[in-house]
Amino acid sequence: MFNSELLSELAPFTISGYDLFREVIETDSALPAKLKSLFAAVAACNRRYPELARNELDRAARLGLTRNEAAAGLILLSSLRGEGAALAFDATIRAIYPPACEDANPPRHPSSHPPELVRAAPGEAEANFKAYFGTTPPALATLLRLAPKGADGYFLMRKGTIDCNQLDRKAAELMLIAVLASDYSPQAATHIRAARAVGATDEEMAEAILCAVPSAGIAAWMATGVLLEAQQ
């Protein structure tokens, strides 16, 4: 946005306000800047802004984010937003972390070998839904009844989003909040509760929400920031 001559000439307040949002994202405070840059990259990919996503992830890498940590965004988008968004972010990761710069530990399942698939045990999905949400949400109850294999798939992909990445549980929940904020989604309320349950502070959640501003504007805060008070 700073490259816009028109904004610089005609709207100094707009540029100045954006600079303050950028300061929140790009400096260590309640959350480390490398994580906030990752959150901003994932939110930008979700909104289909590949250049912005690449710039954000490039900053995260320069701040010390590893490829495997960046893959947490790939895992999240795979379940939350589907194949298209996931493959777009996979391409972004490959652009920022070329083979010569990859982590010392290679992926467990190289692309030339099929991954070892897991399956949910009978009743495991429903028990997990009740433990996480406090009850089985109506949509998931319907899925369990009409397409139980889909319910197991939902459980496994959600488990992957939270458990199968290089970030801790709190960071995973905060990234979910950032992406949902970029869509102005009320579903963010669920993950605000979950983030609180694993120790996230309101200040950390506020900064995670602001990571959606570069790709979704200040409406991201207006839609999601209000949920911080509602979920007290």
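The values are calculated or read from the model by the stated rules, or taken from the named source; none is laboratory data. A quick note: this is a predicted structure, and the numbers were derived from the prediction, not measured. Note that we place each Cβ from the backbone using ideal geometry, even for glycine, and neighbour counts take in every protein chain shown. Accessible surface is based on the protein model in full, side chains and every heavy atom, while ligands, DNA and RNA are left aside. Shrake-Rupley method; radii C 1.70, N 1.55, O 1.52, S 1.80 Å.
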Within the stretch 1-52, how many residues are surrounded by fewer than 11 Cβ atoms within 10 Å (Cβ to Cβ) and touching an Asp or Glu at 6+ places or on another chain (Cβ under 9 Å)?
1
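Look at Leu174 and say whether it is more than 13 Å from Ser79 (Cα to Cα), surrounded by fewer than 17 Cβ atoms within 10 Å (Cβ to Cβ), hydrophobic (A, V, I, L, M, F, W, C) and modelled with pLDDT of 95 or more.
no
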Cβ pairs under 8 Å, 6+ apart or interchain, first in the stretch 201-223 and farther than 12 Å from Lys36 by Cβ and touching a residue at least 60 places away in the same chain (Cβ under 8 Å), second basic (Lys, Arg) and surrounded by fewer than 22 Cβ atoms within 10 Å (Cβ to Cβ), ordered by first then second residue, are Ser215/Arg47; Ala216/Arg47
Please enumerate the residues belonging to the stretch 84-101 that are open to solvent by 80 Å² or more (accessible area, probe 1.4 Å) and at pLDDT below 95.
Pro99, Ala100, Cys101
List every residue pair whose Cβ atoms lie under 9 Å apart, where the two residues are 6 or more positions apart in sequence or sit on different chains, the first residue falls within the stretch 153-165 and is free of Cβ contacts under 8 Å to residues at least 24 places away in the same chain, and the second residue, located anywhere, is open to solvent by less than 80 Å² (accessible area, probe 1.4 Å) and part of a helix (DSSP H, G or I).
Gly153/Ala125; Ile162/Tyr132; Ile162/Ala172; Ile162/Glu173; Ile162/Leu176; Ile162/Ala194; Asp163/Ala172
Can you tell me which residue within the stretch 1-60, out of those that are modelled with pLDDT under 95 and either of a type in the set (Gly, Ala, Ser) or under 14 Å from the mean Cα position of the chain (by Cα) (or both), is nearest to Ala208 (Cα to Cα)?
Gly17
I'd like to check something: does the stretch 164-181 contain any residue that is in contact with an Asp or Glu (Cβ under 7 Å, 6 or more places away or on another chain), more than 23 Å from Val24 (Cβ to Cβ) and aliphatic (A, V, I, L, M)?
no
Unique match (being charged (D, E, K, R), touching a Phe, Trp or Tyr at 6+ places or on another chain (Cβ under 9 Å) and assigned to a helix (DSSP H, G or I)) among Glu207, Glu203:
Glu207
For a quick check of your reading of the model, give me the residue pairs whose first member lies in the stretch 6-18 and is part of a helix (DSSP H, G or I), whose second is at pLDDT 90 or above and hydroxyl-bearing (Ser, Thr, Tyr), with beta-carbon atoms closer than 9 Å and at least 6 apart or on different chains.
Leu7/Thr14; Leu7/Tyr18
In this structure, does Lys170 turn out to be part of a helix (DSSP H, G or I) and touching a Gly at 6+ places or on another chain (Cβ under 6 Å)?
yes
